[in-house]
Amino acid sequence: HEIVGEVTEVWSKVTKFKVGDRVRVECIVGSCQSSYECANDVEKYCSGVIRTSGAKYHDGTITYGGYSDWMVADEHFVVLILDNLPLDVAAPLLCAGISVYGPLRYYGLDKPSLHIGVVGLGGLGHLAMRFAKVVGTKVTVISTSPNKKKEAMEILGADSFLAAMGAMYSILDTVSEKHPLLPLLELLKKHGKLILVGAPTLVVSNYYDIKLKCLIMAGRKLVSGSVIGGMKETQEMLDFAAKHNVKPKIEVVAIDYVNTAIHGIEKTNVKYRFVIDIESTLKPSSN
């Protein structure tokens, strides 16, 4: 669902793109185009949103996403990639990148005066760090893996690893596995925000594990969430990444390596995003 490539053909009514343009298609390829969300550039929250893969398009056909040698997309759901951003590097920005850039901007966390935390140093976490550091925000990485401290501090530029209680204005939680929220809430200053972007299937074993008193009595703390971004915001993110040289760490693989790559993700030994080279390695079907 994070797809990049070049335009090979355009319909006569297309005005935004021309043949040869470097473009991207992210997690959504359609929406109702008439809802409040669509009118306010947050198509991702439209009740009629159409996912890039495994969904039904307006005409009833199935969307297959990037696992194909070509695709057709509505120009509204296509975004231009600037020339100085390599295609393989741009691909992970379309989901992981916008998933962290969006809440950083929306919640006003992209300011040099702030101290924020990033939970997890994976595909989303390392990009959250890079976007935040570009604008001068102080970043603490919060991780259960002590072996990641050196990379977080020396390579990615974190200001600290783990944190003291009540130290941070906000925390961006990028972890997709089950984990407790209470320790994170306790790290927040009063009026602090805990923003979930990792989409775990179950964050806590019991709702009251977060102890509502921590939200109410300990300083008006907020638990919120965010997912990808609208088309306008996604274009803004890509332009920002190109301008400030914000790039994810990737490993380009062949299509027949996909199953091995997935096992690597399950074992959390990926640094930090696999990118599949479809054009060079997808073989035509014999059927």
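Look through LYS150, LYS133 and report the one residue that is modelled with pLDDT under 90 and in a helix (DSSP H, G or I). It would help to see each step written out before you state the result.
Working: LYS133 fails: modelled with pLDDT under 90.
Of the residues listed, the single one that is modelled with pLDDT under 90 and in a helix (DSSP H, G or I) is LYS150.
Restricting attention to region 13-30, the residues being part of a loop (DSSP other than H, G, I, E, B) and under 15 Å from GLY65 (Cβ atoms) number 2.
Please determine, by comparing only the residues of region 1-12 that are among the charged types (D, E, K, R) and part of a loop (DSSP other than H, G, I, E, B), which one is surrounded by the most Cβ atoms within 10 Å (Cβ to Cβ). If you could, list the steps in order and put the result at the bottom.
Within region 1-12, the subset among the charged types (D, E, K, R) is 2, 6, 9.
So of that shortlist, the ones also part of a loop (DSSP other than H, G, I, E, B) come out as 2, 9.
On the way: GLU2: 22, GLU9: 8.
The extreme case among them is GLU2.
Could you run through region 83-103 and say how many residues are surrounded by 13 or more Cβ atoms within 10 Å (Cβ to Cβ) and out of contact with any strand residue (DSSP E or B) (no Cβ under 7 Å at 6 or more places or on another chain)? Spell out the reasoning first.
Within region 83-103, the subset surrounded by 13 or more Cβ atoms within 10 Å (Cβ to Cβ) is 85-103.
The next check asks that each one be out of contact with any strand residue (DSSP E or B) (no Cβ under 7 Å at 6 or more places or on another chain); those that pass are 85-86, 93, 95, 97-99, 101-102.
Going through region 83-103 one residue at a time, the tally reaches 9.
Residues in region 112-136 that are under 16 Å from PHE240 (Cα atoms) and out of contact with any helix residue (DSSP H, G or I) (no Cβ under 6 Å at 6 or more places or on another chain): MET129, ARG130, ALA132, LYS133, VAL135, GLY136. Note on region 36-122: enclosed strands (runs of 3 or more DSSP E) holding 2 or more residues that are touching a residue at least 40 places away in the same chain (Cβ under 8 Å), within 30 Å of LYS193 (Cβ to Cβ) and of a type in the set (A, V, I, L, M) are 115-119. Per the conditions (1) outside any helix (DSSP H, G or I); (2) open to solvent by 50 Å² or more (accessible area, probe 1.4 Å); (3) at pLDDT 80 or above, the sole criterion not satisfied by VAL175 is (2).
Return the residues of region 246-268 that are in contact (Cβ under 8 Å) with a residue 12 or more places away in the chain, open to solvent by 80 Å² or more (accessible area, probe 1.4 Å) and charged (D, E, K, R); say none if nothing qualifies. Those that are in contact (Cβ under 8 Å) with a residue 12 or more places away in the chain, open to solvent by 80 Å² or more (accessible area, probe 1.4 Å) and charged (D, E, K, R): GLU251, ASP256.
In region 229-254, how many residues are in a helix (DSSP H, G or I) and among the aliphatic types (A, V, I, L, M)? Walk me through it before giving the result.
Going through region 229-254, the residues in a helix (DSSP H, G or I) turn out to be 231-244.
Still in the list and also among the aliphatic types (A, V, I, L, M): 231, 237-238, 241-242.
Of the residues in that region, 5 qualify.
Check LYS190, LYS243, LYS221, LYS232 and return the single one that is at pLDDT below 90 and either open to solvent by 70 Å² or more (accessible area, probe 1.4 Å) or hydroxyl-bearing (Ser, Thr, Tyr) (or both). Please lay out each step first, then the result.
On the way: LYS243 fails: at pLDDT below 90; LYS221 fails: either open to solvent by 70 Å² or more (accessible area, probe 1.4 Å) or hydroxyl-bearing (Ser, Thr, Tyr) (or both); LYS232 fails: at pLDDT below 90.
None of the other options fit; the residue is LYS190.
Just to be sure, is VAL139 open to solvent by less than 60 Å² (accessible area, probe 1.4 Å), outside the structural domain of VAL10 (by the TED database), assigned to a strand (DSSP E or B) and closer than 26 Å to GLU26 by Cβ?
Details: open to solvent by less than 60 Å² (accessible area, probe 1.4 Å): yes; outside the structural domain of VAL10 (by the TED database): yes; assigned to a strand (DSSP E or B): yes; closer than 26 Å to GLU26 by Cβ: yes.
Judged against the criteria, VAL139 is a match.
The values are calculated or read from the model by the stated rules, or taken from the named source; none is laboratory data. Since this is a predicted model, take the numbers as computed values, not measurements. Cβ coordinates were reconstructed from backbone atoms using ideal geometry, including for glycine residues, and neighbour counts include every protein chain displayed. We work out accessible area using only protein heavy atoms, side chains counted, and drop any ligands, DNA or RNA first. Shrake-Rupley method; radii C 1.70, N 1.55, O 1.52, S 1.80 Å.
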